[in-house]
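Single-structure report; data block below.
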Amino acid sequence: MYNLGLTYELGKYGQRSDIPQAIFWYEKGVGKEDIGCMTNLGFIYLERLEDYTRAVELFSHVAELFDGKNTEALPALNNLGTCYKRGLGCTKNAEKAVECYLKAAEHGSPEAMFNLFKFYSDDLAVGHNYEKAKEWLVKAAEAGVVEAIMKVAEGYAKGILFEQNHTEAVRYYKLAADKGDPEAMVTMGKCYLDGLGIEQNYEKAKQYFLKAIDVQYFPGYYHLGLFYCNEQLDYVEAARCFSIAANAGFPPAEYELGVCYRHGHGLPVDMKKALWGLLNKSN
């Protein structure tokens, strides 16, 4: 029942996504008190159908069945916490939200750990508690939540929540980059380029920019273009990179492409095209 529901929900094994059929099979599983069926069905009601009351019913039932060992219940606990936090399908209740998040986080849910960080740093219902926010942010990062890793890195880089430490910032940016985050790849490239928190190394900077463009992250093309322009004086390659990012609508690259057209760097001088790039930057 669970697998059929999942097959129809996600459109697997040659089947098209069919939410009514997914609901049909999940409901059968709910009748058997299957935690996976209740959790997935609750998420459909929460995200797709916006029937928050039904979602809370399902998540609450999973919470009642949670015994500390059936970790498949953790996503439902986490979602129930969000419902209480936002008042979706239930009365907004900060204490119950934290209770759900804590139960899920303490049993290993990375998502709940990150939600606790957001709760203590952003939510005015309980007042800010930056020490607890920092504690759960680090735990979420250690559990592999890329967004949390990036926030820890940014925190060390800018001195937010943490004492400014560029070496630690680089360590976390590298961790995020290794997990495939393109923004972290670009940041690592810039760190190597500037020697910030790490020994300056132009070749490694270039390799990180190339990794970013491998996943079609257009700011990566822009920074690689700057690298070619400023470090290797290869204006043809620089203009090619700026052109790709500019055609994707990245304003800084539009400006740099305009500069290339204005001065004939890697491209024929064309003042009309140069003006286009410069005007886009100013807008």
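Quick note: the coordinates plus some simple rules give every number you see, no bench work behind them. Everything numeric here is computed off the predicted structure, so don't read it as measured data. Cβ coordinates were reconstructed from backbone atoms using ideal geometry, including for glycine residues, and neighbour counts include every protein chain displayed.
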Scoring only Lys, Arg, Asp and Glu (+1, +1, -1, -1) among other residues with Cβ under 10 Å from the Cβ of Gly68 yields 0
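Under the 0.36 nm per residue contour assumption, what length would be gained going from the current alpha-carbon distance of His166 and Leu210 to full extension?
Values: separation 44, 0.36 × 44 = 15.84 nm, distance 2.28 nm.
Contour length minus Cα-Cα distance gives 13.6 nm.
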Quick calc, Lys272 & Lys12: beta-carbon distance into FRET formula, R0 41 Å, rounding 0.05, result 0.20
Once Glu64 and Glu237 are pulled to full extension, the length gained, defined as 0.36 nm per residue separation minus their Cα-Cα distance, is 56.2 nm
For the chain, the charge dipole (Cβ of Lys, Arg +1; Cβ of Asp, Glu -1; about the Cα centre) points to a positive end, and the Cα of Trp136, Ile198, Leu41 closest to that extreme belongs to Ile198
Of the candidate values (i) 49; (ii) 38; (iii) 43, the one computed for percent of Cα pairs over 31 Å apart from this structure is (i)
Env charge @ Tyr52, Cβ radius under 13 Å, K,R +1 / D,E -1, value +1
With +1 at each Lys and Arg Cβ and -1 at each Asp and Glu Cβ, the charge dipole magnitude of the chain around its Cα centre, to the nearest 20 debye, comes out at 540
One point scatterer per Cα, no solvent, Debye formula: log10 I(q)/I(0) for the stretch 146-251 at q = 0.12, 0.15 Å⁻¹ comes out as -0.39, -0.60
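Work out the FRET efficiency for Glu106 and Asn230 from their Cβ-Cβ distance, taking R0 = 51 Å, and round it to the nearest 0.05.
Numbers: r = 49 Å, r/R0 = 0.97.
E between Glu106 and Asn230, to the nearest 0.05, is 0.55.
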